[in-house]
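Data first, discussion second: the structure below is written as structure tokens.
The values are calculated or read from the model by the stated rules, or taken from the named source; none is laboratory data. Fair warning: this is a prediction, and the values are worked out from it, not measured in the lab. In this analysis, Cβ positions are derived from the backbone assuming ideal geometry, glycine residues included, and neighbour counts consider all displayed protein chains. Quick note on the areas: whole protein, heavy atoms, side chains included, nothing else; ligands and nucleic acids left out. Shrake-Rupley method; radii C 1.70, N 1.55, O 1.52, S 1.80 Å.
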Amino acid sequence: MEILNVLQDEPLGADLDATVASSFVNILKQEHRKETIEKFKQKLKIPGNWKLLGVPKLNQDIWNNLPLTAKTKDLALQKSQQSISKGLVMAALIADKLAKNSSDISKDLKQEILRIVVEGSTALSFGLEDLNSVRRSQIKACLRPEFQGICTKSIPTSEFLFGENLSESLNASKSAATMIQHAMTSKPFGNRFHPYPGKSLNFTGPPRFGAQRMRAHSNSFGKLTAPQTSNRFVTPQTK
């Protein structure tokens, strides 16, 4: 049902001024070269006191341990987010221009323009957050299960994709995963009464191994030890 709703045509609003409509049609029809796009992005700089308008950075500790394929996918999504970010910057510049020239504009007109700017910025922020969710979802596959909880939508808005305090988020995720695992693996009949604790009626003592067999049995434990890894939250990549 949700897919069908997305594919349906959206209801149309009031017509634009003919000149304005023509200008926007020309913008959409233009074939933008890479050089033009980069020049345009450089022109729209993020305000120094509003860094949240930028594309969220991937926390360095996670970036350093991601495989190349995951880094490439994340960079592609960041590139898409840059266009949305620049749209937000432009909306902010319009609002700033209105604030600095409020005496030259009627109050009603100023409020109407600001309303349009804010609503447009809200729509752009939806797209930015949707891509944040996609980025976290792709990185989630590279994380150990106990740390995948940091990929939820509940992360506060920040300059970083996984929040300002990554260590705190990782510890919280691990604690939650441990609690859930404990709850799911608990035995409902683990406290059943045993009249002869520690031994069964047929207990005949420890198995009787010969000396040679005992040494072989002991040495086999060394082969079952899991390999150690220096990374504590990213799943090791197999070649």
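Flag not set for R208, criterion: over 17 Å from L58 (Cβ atoms), surrounded by 10 or more Cβ atoms within 10 Å (Cβ to Cβ) and at pLDDT below 75. Only residues that are open to solvent by less than 60 Å² (accessible area, probe 1.4 Å) and in contact with a Lys or Arg (Cβ under 9 Å, 6 or more places away or on another chain) were counted in region 123-138, giving 4. For region 154-186, filtering for residues that are open to solvent by less than 40 Å² (accessible area, probe 1.4 Å) and at pLDDT below 65 leaves 0.
Taken together, Q30, Q81 contain a single residue that is closer than 28 Å to I113 by Cβ and either over 28 Å from the mean Cα position of the chain (by Cα) or of a type in the set (S, T, Y) (or both), which is Q30.
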